[in-house]
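Accompanying notes for the structure given below.
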Amino acid sequence: MTSHAADLLVYATGKNDASLSTYPRERIDSIILSCSQNSDYYRQQLAKDERTNASIERRRQSEPMTAPLPPGRASAIAALVAGYEASRRCSATCVVVDMDMFYFACELARPEWGGTPRTVTHRGRTVRLDGIPAVVGKGMVLTSNYVARKFGVRSAMAGFIARRLVAELSGGREALHEVGSDMGWYVQCSRNVREVLGEYDPGMRCYSLDEVYMDLGRYVKLRNGGYSHEAIQRQWGAGEGGEAEVDRAAVTGLPKPKRAAPPPSAASGSESEPSLPASGSPPPAFTVAAAVSEMRAAVKLRTRLTCSAGIAPSHALAKIASDCNKPDGQCEVQ
């Protein structure tokens, strides 16, 4: 495989998924390439890759890659960076919740199984669905379980490639089991999860069924101001909110979440909410990490689904962090 050909691949494993695979990434990528290289998509991407490389080479020839800064520019840039750092938000209250193998987990949590492990007939045997390489989706993989991920199978992969990976890497000892999708059930499961998460941030944003963007700063302030979780729920009303819109609601089928009016402070209805300690002060008794841990436990208890979370000063960083301790974990970036 050439370096250019390798650039065309949608790799079978990301940073986190790579640790789940028991096979060399190069071998997985080689199988994917062999399945894809005769397709129209591959040829189109190859032509695009060649055009991009040609454009880069022309720029290299016509423009210097590095140039000295004009006099005084370096100090101006340093002052600008220092200003940005001084105004940077340092409190890590942004949270991204990412459900673990969501569609597959929904299949395992179907009510007709009554909380018992789901079994299927696979290669003439009755086996647990979570113990064999399996995916949801028969033409395109919606999600795979962690057994299938050991073979490099991942979401958005063509079904025939996923089947080939499992068959080749196992030497024919294993076969991929495919479960048909049920979007109505997945939407209901997502609603159930959002019902729990909404208790911690009524203004949360959802961009898909299995991912939620939140800010727990207000909730943590109230907990440190003397409110219990139950007291916060009693105080938060059912006011309509514009900020709590769910993007792509028409696609996901999810209703717009409601935004609550701010409750009065513990001391007086006319006073402002309690605030987090300033930098250098002792940490609050109830932290954002504690809130996230409590929230994930509540999701697991009430929906039988697990989720992972990232905590950071920005949602972009929190999104990256949400993938660091999967499954059923959390990671905080200060």
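A few points about this structure:
- Of the residues making up region 297-319, those that are without any contact (Cβ under 8 Å) to a residue 40 or more places away in the chain and buried (at least 18 other Cβ atoms within 10 Å of the Cβ) number 0.
- Number of the exception - Met204 against (1) at pLDDT below 95; (2) of a type outside the set (Phe, Trp, Tyr); (3) surrounded by 14 or more Cβ atoms within 10 Å (Cβ to Cβ); (4) in contact with a Gly (Cβ under 7 Å, 6 or more places away or on another chain): (1)
- Residue list for region 68-94, restricted to those being among the aliphatic types (A, V, I, L, M) and over 34 Å from the mean Cα position of the chain (by Cα): Leu69, Ala74, Ala76, Ile77, Ala78, Ala79
- Residues satisfying the stated conditions in region 149-161, i.e. open to solvent by less than 10 Å² (accessible area, probe 1.4 Å) and touching a strand residue (DSSP E or B) at 6+ places or on another chain (Cβ under 6 Å): Val153
- Listed by position, the helices (runs of 4 or more DSSP H) inside region 217-316 whose residues that are modelled with pLDDT of 55 or more and touching a Pro at 6+ places or on another chain (Cβ under 6 Å) number at least 1 are 217-224, 229-235.
- Candidate set: region 95-114, residues that are open to solvent by 50 Å² or more (accessible area, probe 1.4 Å) and more than 20 Å from Glu178 (Cβ to Cβ); chosen: the one farthest from the chain's Cα centre (by Cα): Gly114
- Entry remark, region 138-171: residues being under 22 Å from the mean Cα position of the chain (by Cα) and part of a loop (DSSP other than H, G, I, E, B) number 11 in total.
- Residue in region 64-78 that is modelled with the lowest pLDDT, counting only those that are surrounded by 10 or more Cβ atoms within 10 Å (Cβ to Cβ) and not polar (S, T, N, Q): Leu69
- Filter result for Ser87 (of a type in the set (Ser, Thr, Tyr), more than 30 Å from Gly310 (Cα to Cα) and open to solvent by 60 Å² or more (accessible area, probe 1.4 Å)): no
- Hits in region 66-89 (condition: β-branched (Val, Ile, Thr) and closer than 23 Å to Pro313 by Cα): Val81
- Wholly enclosed strands (runs of 3 or more DSSP E) of region 56-137 bearing at least 1 residues free of Cβ contacts under 8 Å to residues at least 40 places away in the same chain and touching a strand residue (DSSP E or B) at 6+ places or on another chain (Cβ under 6 Å): 119-122, 125-128
- The residue that is nearest to Val147 (Cα to Cα), counting only those in region 21-58 that are surrounded by 11 or more Cβ atoms within 10 Å (Cβ to Cβ) and of a type in the set (D, E, K, R), is Arg25.
- Qualifying residue in region 175-187 (condition: assigned to a loop (DSSP other than H, G, I, E, B), of a type in the set (Ser, Thr, Tyr) and surrounded by 18 or more Cβ atoms within 10 Å (Cβ to Cβ)): yes
The values are calculated or read from the model by the stated rules, or taken from the named source; none is laboratory data. Since the model is a prediction, treat every value here as computed from it, not as a measurement. Cβ coordinates were reconstructed from backbone atoms using ideal geometry, including for glycine residues, and neighbour counts include every protein chain displayed. Accessible surface areas use protein heavy atoms only, side chains included; no ligands, DNA or RNA. Shrake-Rupley method; radii C 1.70, N 1.55, O 1.52, S 1.80 Å.
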